[in-house]
Amino acid sequence: MSIRIVRLGTPRAHGEGLRIGTVRRPPRGVPKTEFASQNWYDVWYPNLAPSAETMKMGQEAETPAQWSAFMRKYKAEMAEADASRSLDLLAALSHTTAFSVGCYCEDESRCHRSLLRGLLAERGAAMAG
């Protein structure tokens, strides 16, 4: 799969392609004209970000049970029609186009992007097989 999962604001990898920000809000204090040049993202696509309520659940999760509840809620949101079609589109594009998706979280293991990685990998495998 040609999709990279990245932390927004980090240096771009060679051949990374278009960077898509799957975040609820743009970076604070950064002029819109500098989002790409500062390695935040080229395209803002909040459609794949957790809802505000779900994002709060994830940020406040301290126990494995709380994190599991966040994971279930986010995956349910991504199973809704619009999000599901977006995931299908990105998975299909990944066969011919290099791009990356990401968010701001420092620790990917406690971030929706780890779940997004799995959802996109599942769809990519299904389309290839």
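The values are calculated or read from the model by the stated rules, or taken from the named source; none is laboratory data. Every value quoted in this text rests on a predicted model; they were computed, and no experiment measured them. Cβ coordinates were reconstructed from backbone atoms using ideal geometry, including for glycine residues, and neighbour counts include every protein chain displayed. Heads up: the accessible areas ignore ligands, DNA and RNA and are worked out on the full protein's heavy atoms, side chains in. Shrake-Rupley method; radii C 1.70, N 1.55, O 1.52, S 1.80 Å.
Quick one: which of Ala83, Ala69 is at pLDDT 95 or above, farther than 16 Å from Asn47 by Cβ and of a type in the set (Gly, Ala, Ser)? Talk me through it step by step, then tell me what you get.
On the way: Ala83 fails: farther than 16 Å from Asn47 by Cβ.
Unique residue meeting the criteria: Ala69.
Please go through the range 87-123 and pick out each residue that is in a helix (DSSP H, G or I), farther than 19 Å from Glu53 by Cα and open to solvent by less than 10 Å² (accessible area, probe 1.4 Å).
Listed by number, the residues that qualify are Leu87, Ala91, Leu120.
Would you please list the contacts, defined by Cβ atoms under 9 Å and residues six or more apart or on different chains, that run from a residue in the range 74-93 that is charged (D, E, K, R) to a residue that is open to solvent by 60 Å² or more (accessible area, probe 1.4 Å)?
Taking only residues 6 or more apart or on different chains, the pairs are Asp82/Asn47; Asp88/Met127.
Consider Arg123 carefully, then state whether it is under 21 Å from Gly17 (Cβ atoms), touching a helix residue (DSSP H, G or I) at 6+ places or on another chain (Cβ under 9 Å) and of a type in the set (Lys, Arg). Working first, answer last.
Numbers: under 21 Å from Gly17 (Cβ atoms): yes; touching a helix residue (DSSP H, G or I) at 6+ places or on another chain (Cβ under 9 Å): yes; of a type in the set (Lys, Arg): yes.
The answer is yes for Arg123.
Kindly indicate which of Met57, Met78 is hydrophobic (A, V, I, L, M, F, W, C) and within 16 Å of the chain's Cα centre (by Cα).
Working: Met57 fails: within 16 Å of the chain's Cα centre (by Cα).
That would be Met78, the only listed residue that is hydrophobic (A, V, I, L, M, F, W, C) and within 16 Å of the chain's Cα centre (by Cα).
Here are some conditions: (1) in a helix (DSSP H, G or I); (2) crowded, with 17+ Cβ neighbours inside 10 Å; (3) among the charged types (D, E, K, R). Arg4 meets all but one. Which one does it not meet?
For Arg4, the failing item is (1).
Can you confirm whether Trp44 is surrounded by 14 or more Cβ atoms within 10 Å (Cβ to Cβ), modelled with pLDDT of 95 or more, more than 11 Å from the chain's Cα centre (by Cα) and not basic (Lys, Arg)?
Numbers: surrounded by 14 or more Cβ atoms within 10 Å (Cβ to Cβ): yes; modelled with pLDDT of 95 or more: yes; more than 11 Å from the chain's Cα centre (by Cα): no; not basic (Lys, Arg): yes.
Taking the combined requirement at face value, the residue does not satisfy it.
Scanning the range 33-53 for residues that are touching a residue at least 24 places away in the same chain (Cβ under 8 Å) and part of a helix (DSSP H, G or I), which turns out nearest to Ala121 (Cα to Cα)?
Of everything passing the filter in the range 33-53, Leu48 is nearest to Ala121 (Cα to Cα).
How many residues, within the range 14-32, are in contact (Cβ under 8 Å) with a residue 12 or more places away in the chain, more than 24 Å from Met55 (Cα to Cα) and either of a type in the set (Val, Ile, Thr) or exposed (fewer than 12 other Cβ atoms within 10 Å of the Cβ) (or both)?
1
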